Amino acid sequence: MTTEIVDVLENGILTLGFNRPSHKNAIMEAMYTRLAEVFNDANERDDVRVVVLHGSETAF
């Protein structure tokens, strides 16, 4: 698991935040892997209706 992707599920909305501000949220291999896992999991869950990706104030 990587801490560079923060996920929160609330009211059917799964929010995924990039948490690597020291590198302008550049995506590394572990982050790609985690995103794939989360997307696959969300696809199988009935309680996830939408997925939202976001960055930080200074970088996507």
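Where a number appears in this text, it was derived from the coordinates with a stated rule and is not lab data. Since we're looking at a predicted model, the values are computed, not measured. As a convention, Cβ positions derive from the backbone with ideal geometry for all residues, glycine included, and neighbour counts pool all protein chains shown.
Residue by residue through segment 2-7, which ³J(HN,Hα) values in whole Hz follow from phi under the Karplus form 6.51 cos²θ - 1.76 cosθ + 1.60 (θ = phi - 60°), with glycine and proline marked x?
Calculated HN-Hα couplings, in order: 10, 8, 7, 10, 9, 10 Hz.
Using modelled amide H (1.01 Å from N, peptide plane; none on Pro or chain starts), what sits under 5 Å from the amide H of residue 25, excluding residues fewer than 5 places away?
20
Starting from the exponent 0.38 and prefactor 2.2 Å, build the expected Rg for the chain from its residue count and divide its actual Cα Rg by it.
Normalised by 2.2 N^0.38 Å, the Cα Rg of the chain equals 1.11.
Using modelled amide H (1.01 Å from N, peptide plane; none on Pro or chain starts), what sits under 5 Å from the amide H of residue 5, excluding residues fewer than 5 places away?
The list, which skips near neighbours in sequence, is 19.
Determine which residues of segment 46-60 fall in the zone a paramagnetic label at residue 24 would reach in this model, i.e. backbone nitrogen under 12 Å from the point 7 Å along Cα→Cβ.
Only 58-60 fall inside the zone, counting backbone N under 12 Å.
Between residue 58 and residue 15, what is the spin-label point distance in nm, taking each point 7 Å from the Cα along the Cα→C-beta axis?
It works out to 2.1 nm between the two label points.
Please sort by residue number the GluC sites (Glu not before Pro) in the chain whose DSSP state is loop and whose Cβ has at most 11 other Cβ atoms within 10 Å. Before the final figure, lay out each step's value.
Values: sites: 4, 10, 29, 37, 44, 57; in loops: 4, 57.
Hits after loop and neighbour filter: 57.
For the chain, give the magnitude of the charge dipole about the Cα centre (Cβ charges: +1 Lys/Arg, -1 Asp/Glu; no others), in debye to the nearest 20.
Working: 5 positive and 10 negative charges, 52 e Å.
Charge dipole of the chain: 260 debye, to the nearest 20.
To test your reading of the geometry: what angle, between 0 and 90 degrees and rounded to tens, separates the Cα axis of helix 29-44 from the longest principal axis of the chain?
With both axes taken from Cα atoms, the answer is about 10 degrees.
Taking only DSSP H segments of four or more residues, each worth -39500 (n - 2.57), what value at 222 nm results for the chain once the sum is divided by all its residues, to the nearest 500 deg cm²/dmol?
Numbers: 1 runs with 16 residues, N = 60.
Only helices count here, giving -9000 deg cm²/dmol.
Please report the antiparallel percentage of the DSSP beta bridges confined to the chain, to the nearest 5. Kindly include the intermediate steps, with their values, before the conclusion.
On the way: 6 of 11 bridges.
Percentage antiparallel, nearest 5: 55.
I need the trypsin sites (Lys or Arg not before Pro) found in the chain, filtered to DSSP loop residues with at most 15 other beta carbons within 10 Å of theirs. Walk me through the numbers before you get to the answer.
Values: sites: 24, 34, 45, 49; in loops: 24, 45, 49.
Answer by residue number: 24, 45, 49.
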